[in-house]
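Structure first, then comments.
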Amino acid sequence: MVFDVVIAGAGIIGSSIAWRLAQRGLRVGLFDSRTMGGGSSWAGAGMLAPGGEAGDDRDFAQQLLSSLRAWPDFMRELSEESGESIDYVACGALDFAFSDDELAKLGRRAARNESFGVRVERLNVPEIRSIARDLPEGLAGAYHYPDDAIVDPRDVMRALRRVCDRCGVSVFEGCAVRMIDTGGNGVRVATDGGQVCAEAAVLSAGAWSGEIEIKGMPLPSSPDSYPVKGYLVVHELAAGTLGPIRRREGTYVLQRSSGRVLSGSTEERSGFDSSFSEDMAADLEKRAAALVPALRNRARVDAWIGFRPGTSAPRPAEGRCGDSALWVAYGHYRNGILLAPQTAENVSRGIIASLGRR
């Protein structure tokens, strides 16, 4: 099989790149060892929240903000071209504090985020009540991030599957990429279905990127890729109960338009261990109920684990590897969904330019 571009990994990053390339007339082969969007993208909650993710990295914060601003147009275009409805809500987020010390800590982070261009404001308890119901007792205050949003990544993946099919992307599910060789002209790619040739390849297999052998050149700075296991639990509440996303010390609770309430998160460096711990899920439920009193003693309706794509590098691996025909887009950790529009645009434009296309 011969393509213009072969993409290893059909999550939201790889599928979005495939769509953008196919829109510009390139022949794209999209390969995944599981189903399209069946890994981290399926498991993600879909928070689009730059303020909680940038750390001290100003450039990365700008990248996150740029992609957040791209999401409304990306979502509308994807929905219109696919005919699929996508649950996207610009609901904002509240970082809760239950003591003066917590509030001071949140204030320092808010000041840093404001310096990066993130909109944030401090709220007292009466002001919190004006935008959120069912609040826990003991609140000292909160910081409000009005531009944060949520999207259902499963809706996004359904839409991406449809537009990729319509644009002529060849999707190979249950067909893993095992090796990418950049040693000659273009690339040779070994898959479970045989060898594939292309002018360029993209490594975007998320937490599984490190499982793919690269020949012909080392990856820049050799950023490794590894899975970070996380739990999500789901409850049902009346639609519109929560309002903004609620966060405290690594725990978040958000609500879909349907009323489904998703709570996360946990982090485990345990490899690809897919076992489910009831103790971990119960602890997560307890932390979520501390933020949303209506969740106390309410039976969960679903729960699952996912593998975030971690990397030892300070930010995702993205871009061309030297002057080779290999491009990388992995290691997005908690921000793959947020960064999908910007990453797809950056990588697809770079590939098109490198191939002399328009």
Please tell me if A344 is in the same structural domain as A198 (by TED's automatic domain parsing), surrounded by 19 or more Cβ atoms within 10 Å (Cβ to Cβ), modelled with pLDDT under 95 and under 30 Å from L26 (Cα atoms). no
Going by the conditions given, is L262 part of a strand (DSSP E or B), touching a Cys at 6+ places or on another chain (Cβ under 9 Å) and crowded, with 17+ Cβ neighbours inside 10 Å? no
Cross-chain or 6+ apart pairs with Cβ under 6 Å, the range 223-243 first and outside any strand (DSSP E or B), then of a type in the set (V, I, T): P223/T311; L237/V261; G243/I131
How about the range 271-291: which of its residues are more than 12 Å from A303 (Cα to Cα) and of a type outside the set (A, V, I, L, M, F, W, C)? G271, D273, S274, S275, D279, D283, K286, R287
Scanning the range 40-73 for residues that are outside any helix (DSSP H, G or I) and at pLDDT below 90 gives E53, A54, G55, D56, D57
Which numbered condition trips up V156, out of (1) assigned to a strand (DSSP E or B); (2) closer than 21 Å to Y330 by Cβ; (3) β-branched (V, I, T); (4) under 23 Å from the mean Cα position of the chain (by Cα)? (1)
Tell me yes or no: at least one residue of the range 215-222 is hydrophobic (A, V, I, L, M, F, W, C) and either crowded, with 20+ Cβ neighbours inside 10 Å or farther than 30 Å from R320 by Cβ (or both). no
Go through A313, A299, A303, A317 for me and flag whichever is closer than 27 Å to M217 by Cβ and either in contact with a His (Cβ under 6 Å, 6 or more places away or on another chain) or surrounded by fewer than 20 Cβ atoms within 10 Å (Cβ to Cβ) (or both). A313
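The values are calculated or read from the model by the stated rules, or taken from the named source; none is laboratory data. Quick caveat, the model's predicted, so the values are computed rather than measured. Cβ coordinates were reconstructed from backbone atoms using ideal geometry, including for glycine residues, and neighbour counts include every protein chain displayed.
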